[in-house]
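The values are calculated or read from the model by the stated rules, or taken from the named source; none is laboratory data. Worth saying up front: this structure is predicted, and the values here are computed from it rather than measured. With ideal geometry, Cβ positions are generated from the backbone for all residues, glycine too; neighbour counts draw on all protein chains shown.
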Amino acid sequence: MTVRSSSSSSSPADGGAALETIAVQALDYWDKATGALVPPIQPGTTFRRDADGGTARFGRVYARDENPGYAPAEAVLAELEGGAAAMLFASGMAAAVTPFLTLRPGDHVVAQTVMYWSLRKWLLSFGAQWGISVDFAETGDMEALRAVVRPGHTRLVWVETPANPLWTIVDIAAAAAIAHEAGARLVVDSTVATPVLTRPLMLGADLVMHSATKYLNGHGDVVAGVLVTAEADAFWQELRRLRVEHGGILGSFEAWLLLRGLRTLFLRVRQSCASAMVVAKHLASHAQVATVLYPGLTDHVGHAVAARQMRDGFGGMLSVRMRGGSAHAAATAARTRVFKCATSLGGIESLIEHRARIEGPNTPVPDDLLRLSVGLEATPDLLADLDQAMAPAASLS
Ligand code: PLP
């Protein structure tokens, strides 16, 4: 039996299973050969052919084309996002660049002014090298997006919501309408939201991308990416061809670990959201903090859209701008003990990072900003750690 999802996360109103059940049971997975409730790991790279040289019996030729170990995780991810199909990649970046590789010289794309830094950098060099024009818009503001799309020329509109590291919220339904009017596809980097909080395909997006390195796997031990499509159309087939030919494929063990991580996705994301809200409120009244950027706070510029678009929480990511400027931010990150000073996000352990130092001189990110990924430790331990690390600027060495 295949468990189909209901439209909402917790009430299977149409008779299908809730998304939590789908994630925990990996779509009611059980191994037909042994009865085991966990899939085997199949590391084989090649598959036996039929006596006549065909592939009718096993339907597979080579693991770069088709890895049987991907099927359970891809099926779960497609279902969680409400999509037609999903595709695993070797990393979030491998997944993210693939839609851009379908573009031709002269095409136009729009992305977000402040977004995941490495992808922004790659997009600029890729566009310059291949004659693709790239515009960046403040996609928290739909009029700014409308002003830069070029009907008939814009092929892709790329948005991230909530977006690194200001946690800008993009109104996905409005962005989809603007992209579609211009004849473009809308791709949403939903790494931070996860399908627990937002399902972009249900709001009109064409593709969803995740760095599965983050919340989807969630344990800091797999680098992986995923694309999920609304339609298994010709564009999707082109993306599949690119994965096969460019070879940005995930290892069998990593695909297996990713499915294991997905089983606890809802619990992990909800706990991170609950703690992040407590941390955000605590820091909002902290003497050393000038501003807290968290979509769950009513003074965040994207709060109203987030409250409408996200469910069950506002994410586990927040940033703070320190009163003492760049040096104060860097010294604070260095003094935390429970929060580990390290890059990445969405894992079980809490992380803190001085983003401007990582992103370098051309970053649009303010240099007094600390990015926090709130993990699953006890919330009082997180608050106590931040309090001891956030000594007044003057007392930090
Ligand atoms: N998108 C976002 C929002 C990210 O934070 C990251 C990585 O930090 C990526 C994409 C790229 O993913 P990966 O590091 O798995 O290649």
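A few points about this structure:
- Residue match in the stretch 276-292 (condition: touching a residue at least 60 places away in the same chain (Cβ under 8 Å) and in a strand (DSSP E or B)): yes
- Counted residues, the stretch 79-99 - those being surrounded by 21 or more Cβ atoms within 10 Å (Cβ to Cβ) and more than 17 Å from the chain's Cα centre (by Cα): 0
- The one condition from (1) more than 30 Å from Leu257 (Cα to Cα); (2) not in a helix (DSSP H, G or I) that Glu349 does not meet is (1).
- Of all the numbered requirements in (1) within 18 Å of Ala90 (Cβ to Cβ); (2) assigned by TED's automatic domain parsing to the domain that holds Gly324; (3) of a type in the set (S, T, N, Q), Thr291 misses one, and that requirement is (1).
- Gly106 passes every criterion in (1) more than 29 Å from Asp28 (Cα to Cα); (2) not in a loop (DSSP other than H, G, I, E, B) apart from (2).
- Flag if Val244 is of a type in the set (Val, Ile, Thr), in the same structural domain as Ala75 (by TED's automatic domain parsing) and out of contact with any helix residue (DSSP H, G or I) (no Cβ under 9 Å at 6 or more places or on another chain): yes
- Of residues in the stretch 312-351 being within 15 Å of the ligand (Cβ to nearest atom) and among the hydrophobic types (A, V, I, L, M, F, W, C), the one nearest to the chain's Cα centre (by Cα): Leu345
- Selection within the stretch 208-266: residues that are in a strand (DSSP E or B) and within 11 Å of the ligand (Cβ to nearest atom). The member of this set that is nearest to Ala173 (Cα to Cα) is Met209.
- Residue count for the stretch 35-74 satisfying the condition of being in a helix (DSSP H, G or I), of a type in the set (A, V, I, L, M) and touching a residue at least 60 places away in the same chain (Cβ under 8 Å): 1.
- Number of positions in the stretch 147-196 that are outside any helix (DSSP H, G or I), touching a Lys or Arg at 6+ places or on another chain (Cβ under 6 Å) and away from the ligand (no atom under 16 Å from the Cβ): 1
- Pairs linking a residue in the stretch 375-397 that is surrounded by 18 or more Cβ atoms within 10 Å (Cβ to Cβ) to a residue that is modelled with pLDDT of 95 or more and acidic (Asp, Glu), with Cβ atoms under 7 Å and 6 or more positions apart or on different chains, are Gly375/Glu349.
- Top-ranked residue in the stretch 105-131 [being within 12 Å of the ligand (Cβ to nearest atom) and among the charged types (D, E, K, R); ranked as surrounded by the most Cβ atoms within 10 Å (Cβ to Cβ)]: Arg120
- Taken over the stretch 151-161, residues that are more than 21 Å from the chain's Cα centre (by Cα) and either surrounded by 15 or more Cβ atoms within 10 Å (Cβ to Cβ) or closer than 21 Å to Ala95 by Cα (or both) amount to 2.
- Residues of the stretch 63-94 classified as within 15 Å of the ligand (Cβ to nearest atom) and either of a type in the set (Lys, Arg) or more than 24 Å from Arg311 (Cβ to Cβ) (or both), total: 7
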